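Below is one structure, written out as structure tokens; the observations come after it.
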Amino acid sequence: MSKNEYLAQLRGLMEAAAISGIDERIDYYSEMIDDRIEAGMPEELAVSAMEDINEIVENARLEKPVTTLIKEKVVNSHNEAKKKGAGWLWVVLAIIGFPVWFPIAVAFFAILLALYLVLWSIVLAIFCVWLSLGCVALAGIAGFITSFFGVVSIFGGFMCLGAALFFGGLTVLLFKPIITLCKAVAGMIPAAFKKIKGMFA
């Protein structure tokens, strides 16, 4: 397949799927192919090494908000019913079923919101635990300093210093793993919602 054929097919499928920003997307994939060709790769090989067109379109569709995907699903369902001559029946059933499907839809979006908040709460909780270790280390240093002024005993001051060194070292030691863990959990959020969106694609 040539570059022009690949891009033409991609544009056609994106237009059919009502993807936004088609020109920018086409330019992006065109540049990717050009870069490979400039690197010495034959045009057909450069095109064959590209991502599958259907996967690109599907990923672009999943960038749409859930509400848009549901709206498209409903419109497509209505259009299919109209083609079969049952458009009026579809509307009647939608109206009659409103007391059933509307609460389900509200509950579904409430669950999505709760899931979103829970996932971000996990990230925040992990970060707060790490931050609290650092605060304990600072408090230990402050306790050690106050021992020179008789606020706490010398023994208590050295206990504070020991705690400061322990928790300070733990804070430094856990910095990279905590950041990595927070990024991993944060990365799960769009991945999880992408799978949920896939139910309506």
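The values are calculated or read from the model by the stated rules, or taken from the named source; none is laboratory data. Computed from a prediction, not measured in an experiment: that's the story for all the values here. Cβ atoms come from the backbone with ideal geometry, glycine included; neighbour counts cover every protein chain shown.
Of all residue pairs spaced 6 or more apart or on separate chains, those with beta-carbon atoms under 8 Å, a first member in segment 45-57 that is assigned by TED's automatic domain parsing to the domain that holds Ile26 and a second member that is of a type in the set (Val, Ile, Thr) are Ala46/Ile33; Ala46/Ile37; Val47/Ile33; Met50/Ile33; Val57/Ile19. Picking from residues in segment 67-88 that are hydrophobic (A, V, I, L, M, F, W, C) and loosely packed, with under 12 Cβ neighbours inside 10 Å, the one that is nearest to Leu10 (Cα to Cα) is Val75. Selection over segment 144-185 of residues that are over 43 Å from the mean Cα position of the chain (by Cα) and either within 14 Å of Trp130 (Cβ to Cβ) or surrounded by 13 or more Cβ atoms within 10 Å (Cβ to Cβ) (or both) gives a count of 9.
Looking at Val92, is it surrounded by fewer than 13 Cβ atoms within 10 Å (Cβ to Cβ), over 31 Å from the mean Cα position of the chain (by Cα), modelled with pLDDT under 85 and not in a helix (DSSP H, G or I)? Full working, then the answer.
Details: surrounded by fewer than 13 Cβ atoms within 10 Å (Cβ to Cβ): yes; over 31 Å from the mean Cα position of the chain (by Cα): yes; modelled with pLDDT under 85: yes; not in a helix (DSSP H, G or I): no.
No, not satisfied.
Lys64 satisfies every condition listed in (1) of a type in the set (Lys, Arg); (2) more than 18 Å from Glu15 (Cβ to Cβ); (3) not in a helix (DSSP H, G or I) except (2).
If the requirement is being within 30 Å of Val118 (Cβ to Cβ) and either touching a Gly at 6+ places or on another chain (Cβ under 7 Å) or of a type in the set (Asp, Glu) (or both), which of these qualifies: Phe144, Phe167, Phe175?
Values: Phe144 fails: within 30 Å of Val118 (Cβ to Cβ); Phe175 fails: either touching a Gly at 6+ places or on another chain (Cβ under 7 Å) or of a type in the set (Asp, Glu) (or both).
Testing whether each residue is within 30 Å of Val118 (Cβ to Cβ) and either touching a Gly at 6+ places or on another chain (Cβ under 7 Å) or of a type in the set (Asp, Glu) (or both) leaves just Phe167.
For segment 115-128, the candidate set comprises residues that are β-branched (Val, Ile, Thr) and in contact (Cβ under 8 Å) with a residue 24 or more places away in the chain; within that set, the residue that is nearest to Met159 (Cα to Cα) is Ile126.
Criterion first (modelled with pLDDT under 85, acidic (Asp, Glu) and either more than 30 Å from Trp101 (Cβ to Cβ) or not in a helix (DSSP H, G or I) (or both)) does Glu24 satisfy it? No.
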